[in-house]
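The values are calculated or read from the model by the stated rules, or taken from the named source; none is laboratory data. Here the structure is a predicted model, which is why all the values come from computation and not from measurement. We place every Cβ from the backbone using ideal geometry, glycine too, and count neighbours over all the protein chains shown. Only protein heavy atoms, including side chains, enter the accessible area calculation; ligands, DNA and RNA are left aside. Shrake-Rupley method; radii C 1.70, N 1.55, O 1.52, S 1.80 Å.
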Amino acid sequence: MTIPMKWEFFPITFYTTKYHYRKKSNIWIKNQLVPLIENDLLKTEDINKNPNWNCNVSTSFHLERNIMNAYKHLYGEVIEEFLGVIEVNKKKLPNYKISSIWYNAYENETYQEKHDHYPEHFSMIHYIEFDSKEHPGTMFFNPCLPSLYFTQDQIPNRMNQEFFEFNDIEEGDITFFPSFVPHLVKPNKSNKRRITISLNIQLV
């Protein structure tokens, strides 16, 4: 006899946590990294915008001397927490590597276009300098295009919505998500700078 049951076969899992490293908080890492990022922005004033991106955010993604490469280890604890929560392997944490890490600095009227990080496995955004009252969150888009054939009037649930915007993000928050999920950052309408650190994770 078949028991009536609701199934969700292909969920997309996001995970949000606070930054932590050896009992240190976002204040600690912000004091460590933001001055270095500020100095790097001054050094690369004319070339800090990635020529391959259709946006105007200042980033270290494309720089050969990417200063963030020396700080990958500061994210090991939160990555292992994330992999444990989503149970990639129920018996033990999987082996992984941080394939890339970079900062994005959003001044007034700067933004990032819709994009994804495929073929990486998982991606992370750390809102290291962020004012929740002034700055836009990250907008994520539904990668399941056939589901968008239904309107919200026909099937009004989150499986069929076109996008979701994190509006309750606070400074120090970290968000993990599958790298294939498209996302963007709306223009920063504030005179306050918005800085995020992003990285990509590959399971090995």
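Quick notes
- In the structure shown, the pairs Lys30/Lys91; Lys24/Lys97; Lys49/Lys97; Lys24/Lys90; Lys18/Lys192 are assessed against 24 Å; a Cα-Cα span above that value is assigned to Lys30/Lys91; Lys49/Lys97; Lys24/Lys90.
- Note on the chain: helix-only mean residue ellipticity at 222 nm, from DSSP H runs of 4+ residues weighted -39500 (n - 2.57) and normalised by residue number, equals -4500 deg cm²/dmol.
- With Cα atoms, 0 to 90° folded angle of helix 76-86 axis to the chain main axis: 10
- Apportionment of accessible area to carbon and sulfur, the chain, percent (1.4 Å): 54
- Probe 1.4 Å, accessible area per residue of the chain, Å²: 60
- Acute angle (nearest 10 degrees) that the helix 26-43 long axis makes with the longest principal axis of the chain, alpha-carbon atoms: 60
- Here the peptides 53-62, 124-133, 107-116 are ranked by packing, the mean other Cβ count within 10 Å, and the order with the highest first is 124-133, 53-62, 107-116.
- Cα gyration tensor shape for region 58-147, rounded if a/c is under 1.5, else prolate or oblate: oblate
- Label-to-label distance, Ile3 versus Val85, with points set 7 angstrom from Cα along the beta-carbon direction: 2.9 nm.
- Computed FRET value (nearest 0.05) for Lys18 with Asp153, which takes r as the C-beta separation and R₀ as 45 Å: 0.75
- Label-point separation, Asn39 to Asp131 (7 Å along Cα→Cβ), nm: 2.6
- Shape call, region 1-82: gyration tensor on alpha carbons, a/c limit 1.5: oblate
- DSSP-loop GluC sites (Glu not before Pro) across region 17-96, with at most 12 other Cβ within 10 angstrom: Glu45, Glu64, Glu87
- Neighbours of Pro178 by Cβ distance under 13 Å: Lys/Arg scored +1, Asp/Glu scored -1, total -2.
- Förster radius 22 Å - calculated FRET efficiency between Lys92 and Asn52 (Cβ-Cβ, nearest 0.05): 0.05
- With all pairs of separate Cα atoms included, the chain yields a Kirkwood hydrodynamic radius of 18.3 Å.
- Label-point gap, in nm, between Ile27 and Glu113 - each point 7 angstrom along Cα→Cβ: 4.1
- Residue-count net charge about Glu134 - beta-carbon cut-off 9 Å; Lys, Arg +1, Asp, Glu -1: +3
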